[in-house]
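This report concerns only the one structure given below.
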Amino acid sequence: MRSRPVARVRRSEAEEETGDVSTTGETDPQGSQKAGEDEPVLRIITEHTTPEEVAALVAVLAAMGGPEQAAPPRRTPEWQAPHRAVRRALPQGPGGWRSSGLPR
């Protein structure tokens, strides 16, 4: 199977004679795309493509998937969480200064 998935295909006169294909991202120089007209997403450029080959190509491209979905919102890391910036009440009573240095 020689068909390749290409978005746009532009053939010059020299390429039409030799049968080579140029794949460029340029539009047609005559401006064939009109406002509101949809271009095909996939264009098969070989002469002897069977429907089975087209179906296989479409299946492979569909399996590749589309654009990535948005990432889930990031959680604030615990060390940077706002509730950690608030100090707790200092321990009261005898030995309070010792317990103030102990972990919470």
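None of the figures in this text is laboratory data; all of them are computed from the coordinates on show. Note that the coordinates shown come from a computational prediction; the quantities given were computed from them, not determined experimentally. When we count neighbours, we look across all protein chains shown, and the Cβ atoms used for this are built from the backbone with ideal geometry, even at glycine.
The table for this structure:
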read-out	value
Peptides 88-97, 68-77, 54-63 ordered by average Cβ neighbours within 10 Å, highest first	54-63, 88-97, 68-77
Val86 versus Val54: modelled label distance in nm, points set 7 Å from Cα along the beta carbon direction	6.6
Amide proton proximity set for Thr49, modelled H, under 5 Å, gap of 5+	none
Derived scalar couplings ³J(HN,Hα) [the range 59-64; Karplus, 6.51 cos²θ - 1.76 cosθ + 1.60; whole Hz; x for Gly, Pro]	5, 5, 5, 5, 5, 5
